[in-house]
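Chemist: Below is a structure I'd like to ask you about.
The values are calculated or read from the model by the stated rules, or taken from the named source; none is laboratory data. Computed from a predicted model, the values in this text were never measured in an experiment. A quick note on method: Cβ atoms are made from the backbone with ideal geometry, for glycine too, and the neighbour counts reach across all protein chains shown.
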Amino acid sequence: MLIGHEELKKEFCAWADGGSLAQSYIFYGPARVGKFAFARALSNYLENGVFEKESQAPLGDALVVATDESNSIGIDRAREIKKFLWQKPNRSANRTLIIDRAELLTDEAQNALLKITEEPPASSLLILVVEDPESLRPTLQSRFRKIYFGPVSLKKIEKWLQTDFSMSKEESVSMAEKSLGLPGLAAELTDKDSALSRGLGLAGKYLKLQGAARGAFIKEMLEDETFRLDNFLEALAMFASQSGYRQAGFWHYLLELRRQVSSFNLNPRIQLSALSRHIDNR
């Protein structure tokens with residue numbers, strides 16, 4: 001179910017019905033705000049006339065591309081995209097390509113995509129989903145129309161939590177406030193076994209421990225093969241924000257580290273140990 005973004009929904013439906021959709025869009029905004037869900041819902045509307053993320057049947061005229069095991073989208077995937085777009089649509093007026101977390105496109109893939117946008121097939125619709133469009137090359141950005149997705153009303157999230165998750169009024173108000181207007185975050189926080197919920201637990205322990213105890217805890221975390229530095233840093237930022245943690249040096253280092261981790265292959269042990277030196281052990 002898509003939560004919020006009603007005005008954007010009206011606009012895109014009108015553009016689709018009137019045949020005035022642009023060929024290339026960048027959907028940007030905070031993680032978990034609903035950008036990807038909106039893109040999926042739009043592709044479903046174009047094919048089945050229903051603006052919902054899920055479809056009863058697989059979409060034949062839409063291709064969703066996400067990161068592979070190497071945490072990037074390479075040139076081979078870009079060639080697959082080109083082949084898909086040049087085929088004629090079956091049910092829809094468009095062949096829709098959705099690239100989630102497009103900031104992870106390699107330079108080669110961005111160049112290949114740029115060439116596609118220079119002479120796109122008439123029926124193609126390209127949607128790149130990112131948090132920050134500045135993470136893409138300026139030459140690629142210039143080919144796309146940017147659409148911002150802002151936080152959803154807390155009242156709408158409260159109602160959704162009460163309806164879909166059977167929460168009480170009091171519980172939904174508390175959870176909506178923690179979600180910061182991000183429906184995807186609210187959904188993850190309701191699941192105690194979700195990666196984010198586990199990450200928040202780890203983040204709390206990481207901040208609480210000191211010295212050698214924190215060093216041992218870092219080693220313990222890294223022994224888990226499912227550990228990802230980017231996910232942990234996200235949970236750490238969220239936990240620290242909700243806890244009122246205001247150590248300036250810590251925040252500066254954490255935010256810079258979050259920026260770098262999406263672009264570089266960093267050593268988690270070294271980075272977390274360095275981050276520890278900026279923590280105010282109260």
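Chemist: Any chance you could count how many residues in the stretch 206-233 are within 16 Å of Arg258 (Cβ to Cβ) and polar (S, T, N, Q)?
Modeler: Of the residues in the stretch 206-233, 1 are within 16 Å of Arg258 (Cβ to Cβ) and polar (S, T, N, Q).
Chemist: Step by step: first the residues of the stretch 51-71, then only those that are under 25 Å from Val152 (Cα atoms) and in contact with a helix residue (DSSP H, G or I) (Cβ under 6 Å, 6 or more places away or on another chain), then the one that is modelled with the lowest pLDDT. Which residue is that?
Modeler: Step by step, filter the stretch 51-71, then rank; the result is Ser55.
Table: residues versus (1) buried (at least 18 other Cβ atoms within 10 Å of the Cβ); (2) modelled with pLDDT under 90; (3) of a type outside the set (A, V, I, L, M).
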residue: Leu97; (1), (2), (3): yes, no, no
residue: Ala102; (1), (2), (3): yes, yes, no
residue: Leu105; (1), (2), (3): yes, yes, no
residue: Glu118; (1), (2), (3): no, yes, yes
residue: Pro121; (1), (2), (3): no, yes, yes
residue: Arg137; (1), (2), (3): no, no, yes
residue: Lys146; (1), (2), (3): no, no, yes
residue: Phe149; (1), (2), (3): yes, no, yes
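Yes or no, residue by residue, for (1) among the hydrophobic types (A, V, I, L, M, F, W, C); (2) closer than 30 Å to Met167 by Cα; (3) in the same structural domain as Ile270 (by TED's automatic domain parsing):
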site: Ala213; (1), (2), (3): yes, no, yes
site: Asp230; (1), (2), (3): no, no, yes
site: Ala235; (1), (2), (3): yes, yes, yes
site: Arg246; (1), (2), (3): no, no, yes
site: Gly249; (1), (2), (3): no, no, yes
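Chemist: Separate question: Out of the residues in the stretch 226-282 that are without any contact (Cβ under 8 Å) to a residue 12 or more places away in the chain, part of a helix (DSSP H, G or I) and among the charged types (D, E, K, R), which is surrounded by the fewest Cβ atoms within 10 Å (Cβ to Cβ)?
Modeler: Glu256
Chemist: Which of the numbered conditions does Glu223 fail, given that it passes all the others? Conditions: (1) farther than 28 Å from Leu136 by Cα; (2) touching a residue at least 24 places away in the same chain (Cβ under 8 Å).
Modeler: (2)
Chemist: So Ile218 passes all but one of these: (1) at positive phi; (2) in contact (Cβ under 8 Å) with a residue 24 or more places away in the chain. Which condition number does it fail?
Modeler: The one condition Ile218 does not meet is (1).
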